[in-house]
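So the structure is just underneath, and the comments pick up after that.
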Amino acid sequence: MSPTTSQQLFTLLVYSENCVGLLNQVSGIFTRRCLNIEDVAASKSSVPDITKLIITCWADRPTMEKVVKQIEKRIDVLKVCLFTDDDIVYQEIALYKVPTQVLLEEHDLESIIRHHSVRILEMTPDYTVLEKAGHRWETDALFETLRRYDIRQFVRSGRVCVTKSPVEYMDLYLEEQLKRREERIDNKENNPN
């Protein structure tokens with residue numbers, strides 16, 4: 001689905017314990033609203049035993065706020081945060097597999113590698129695997145440059161990101177939960193009824 005003028009790209013950070021089926025449950029929420037997930041990535045977070053799903057989607061803010069509320073209702077989900085590109089630092093990684101012989105015959109190969117900050121991951125007589133980290137437009141630009149070299153395989157990771165906030169939102173959430181728990185215990189001790 002192409003974005004409309006009222007839509008923007010949102011990034012959701014979904015924090016949960018690592019459990020089977022969560023991605024399926026979350027993707028179902030997007031499907032029911034006819035929203036396309038652009039990227040998805042999963043990794044451990046800075047909080048022990050907590051997994052972070054990073055999901056990007058084009059939509060308007062009111063729709064995404066509803067999606068966040070629906071995802072947070074999932075029992076396995078601890079917290080969901082919604083961000084725009086201005087709120088985060090993000091990157092993607094792309095791999096390009098091209099025939100080695102074609103690259104070796106290219107006179108401007110060194111300038112292409114320098115201009116796009118490309119890493120050569122593997123070079124065999126048959127193929128070369130190049131790596132590019134950057135924003136989507138940067139990995140797309142290298143793809144277009146390499147198109148004339150007969151790209152055999154191409155893959156791009158989902159977006160990985162960290163917030164520009166000085167604190168980890170999951171830490172704040174856990175502190176709030178601990179405080180609420182302590183208040184409930186205090187209330188039970190003071191009001192045994």
For the chain, what does the helix formula give at 222 nm: sum of -39500 (n - 2.57) over DSSP H segments with n ≥ 4, over the residue count, nearest 500 deg cm²/dmol?
-11000 deg cm²/dmol
For helix 169-190, report the angle its Cα long axis makes with the longest principal axis of the Cα atoms of the chain; keep it between 0 and 90° and round to the nearest 10°.
10 degrees
At a Cα cut-off below 20 Å, give the lysines reachable from Lys44, other chains included and same-chain residues fewer than 8 away excluded.
Lys52, Lys79, Lys164
Once neighbouring chains are kept in place and the probe is 1.4 Å, which whole percent of the accessible area of the chain is contributed by carbon and sulfur?
50 percent
Per residue, what accessible area does segment 64-103 have, given a 1.4 Å probe and all protein chains present, in Å²?
49 Å²
Among rounded, prolate and oblate, which fits segment 24-93 when a ≥ b ≥ c are the square roots of the eigenvalues of its C-alpha gyration tensor, a/c under 1.5 means rounded, and a/b larger than b/c means prolate?
oblate
Counting only C-alpha contacts under 8 Å and six or more residues apart, can you give the relative contact order of the chain as a whole percent?
24 percent
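The values are calculated or read from the model by the stated rules, or taken from the named source; none is laboratory data. These numbers were taken from a predicted model, which means no experiment stands behind them. Surface areas here come from the heavy atoms of the whole protein model, side chains and all, with no ligands, DNA or RNA. Shrake-Rupley method; radii C 1.70, N 1.55, O 1.52, S 1.80 Å.
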